[in-house]
1. Looking only at region 106-147, which residues are touching a residue at least 60 places away in the same chain (Cβ under 8 Å) and more than 14 Å from the chain's Cα centre (by Cα)?
2. Of the residues that sit in region 19-45 and are closer than 17 Å to residue 77 by Cβ and at pLDDT 95 or above, which one is surrounded by the fewest Cβ atoms within 10 Å (Cβ to Cβ)?
3. Within region 49-82, work out how many residues are within 14 Å of the chain's Cα centre (by Cα), in contact (Cβ under 8 Å) with a residue 60 or more places away in the chain and under 19 Å from residue 135 (Cα atoms).
4. Within region 46-72, can you find the residues that are touching a strand residue (DSSP E or B) at 6+ places or on another chain (Cβ under 6 Å) and surrounded by fewer than 16 Cβ atoms within 10 Å (Cβ to Cβ)?
């Protein structure tokens, strides 16, 4: 379980959401889950599907040590405006592919469309950045897949984990 010492940020990539034309249900699912885990929501934003805008917010959050983990939702599909993975990769210091691989593997048990997700997971400084799908249902499913591993990942990044056990 996450705890009160962990800080999370949620960034929703949505042109319509950023213009107030769509309610951000996926971001709400993420924040509800994080709060249920005892995590503090350090930041929340709904931004347009724009590489530079998304990357700038990720860098601001990570470089100023405002959160331990950034969850993005939306922008991971095949649409020309889906650029969240590119924004995330542009700010990455280290790749953490197993997180996204685990989410895709689970998604494939629900629908073969799971293979179309291009989400990535990376580190910038001591912040983990995880791209989540855009649908509330998929966000919930993918969060359930990774939530138990997050405390260990955060502890390792903070230098607080002892010997890693398999």
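The values are calculated or read from the model by the stated rules, or taken from the named source; none is laboratory data. Remember, it's a predicted structure, so these values are computed and weren't measured experimentally. Cβ sites come from the backbone with ideal geometry, for glycine too, and all protein chains shown count toward neighbours.
1. 125, 126 - these are the residues of region 106-147 that are touching a residue at least 60 places away in the same chain (Cβ under 8 Å) and more than 14 Å from the chain's Cα centre (by Cα).
2. Step by step, filter region 19-45, then rank; the result is 25.
3. The qualifying residues number 6.
4. 66
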